[in-house]
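The values are calculated or read from the model by the stated rules, or taken from the named source; none is laboratory data. Please read these numbers as outputs of a predicted model, since none were measured by experiment. When we count neighbours, we look across all protein chains shown, and the Cβ atoms used for this are built from the backbone with ideal geometry, even at glycine.
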Amino acid sequence: MRYQIDLLQDSPDVACLPDPFYIEVATIFDRPTDAPKILGRAEWAAGVREIHAAINQVNRILADKATKRYGVPNCVLLIRHGVPIFSGDDFRRFADEFVIPARHEFRGIYLLAFREENGLLHVGQDLIRLFSVEG
């Protein structure tokens with residue numbers, strides 16, 4: 001199936017037609033403390049602390065987006081982790097720390113992370129489902 005993608009001025013960010021579904025996009029950006037990991041100088045304990053910080057950022061986004069009303073059916077939330085430090089597998093190791101709000105308007109919530117292959121991280125190639133409405 002082919003979709004027409006329209007960027008919207010307001011929330012949600014993207015509309016995909018003809019069978020409409022909508023995408024709200026949020027991004028986690030770099031922090032100054034990420035530099036040692038990028039340069040390969042991070043200790044594992046520090047790395048654990050930092051992935052918890054990244055997960056806390058995701059949880060803050062989840063809490064914020066859950067309070068908004070989008071007024072459209074079939075909307076998904078895509079949170080993009082934009083820092084080449086952690087892979088999707090790193091996030092999966094701590095999956096129980098993600099806090100999905102009990103009330104929100106999303107049919108699905110996804111984290112787009114880097115995929116690790118042969119020691120290299122590939123941008124935006126690992127989609128992790130945090131929540132999905134079955135059916």
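GLU134 falls short on exactly one of the conditions (1) farther than 20 Å from VAL25 by Cβ; (2) surrounded by 13 or more Cβ atoms within 10 Å (Cβ to Cβ); (3) out of contact with any Lys or Arg (no Cβ under 7 Å at 6 or more places or on another chain), and that condition is (2). Yes or no: the range 81-103 includes at least one residue that is touching a residue at least 12 places away in the same chain (Cβ under 8 Å), closer than 22 Å to ALA15 by Cα, out of contact with any His (no Cβ under 7 Å at 6 or more places or on another chain) and basic (Lys, Arg). Within the range 81-103, not a single residue is touching a residue at least 12 places away in the same chain (Cβ under 8 Å), closer than 22 Å to ALA15 by Cα, out of contact with any His (no Cβ under 7 Å at 6 or more places or on another chain) and basic (Lys, Arg). Would you pick out the residues in the range 99-113 that are assigned to a loop (DSSP other than H, G, I, E, B) and among the aromatic types (Phe, Trp, Tyr)? Correct list: PHE106 only. Of all the listed residues (ALA63, ALA15, ALA53), the sole one being modelled with pLDDT of 75 or more, of a type outside the set (D, E, K, R), more than 16 Å from the chain's Cα centre (by Cα) and closer than 18 Å to ARG80 by Cα is ALA15. Of all residues in the range 79-86, none satisfies being touching a Pro at 6+ places or on another chain (Cβ under 7 Å) and either loosely packed, with under 12 Cβ neighbours inside 10 Å or modelled with pLDDT of 90 or more (or both). Against the condition outside any helix (DSSP H, G or I) and either closer than 27 Å to CYS16 by Cα or at pLDDT 85 or above (or both), how does VAL76 come out, does it pass? It is true that VAL76 is outside any helix (DSSP H, G or I) and either closer than 27 Å to CYS16 by Cα or at pLDDT 85 or above (or both).
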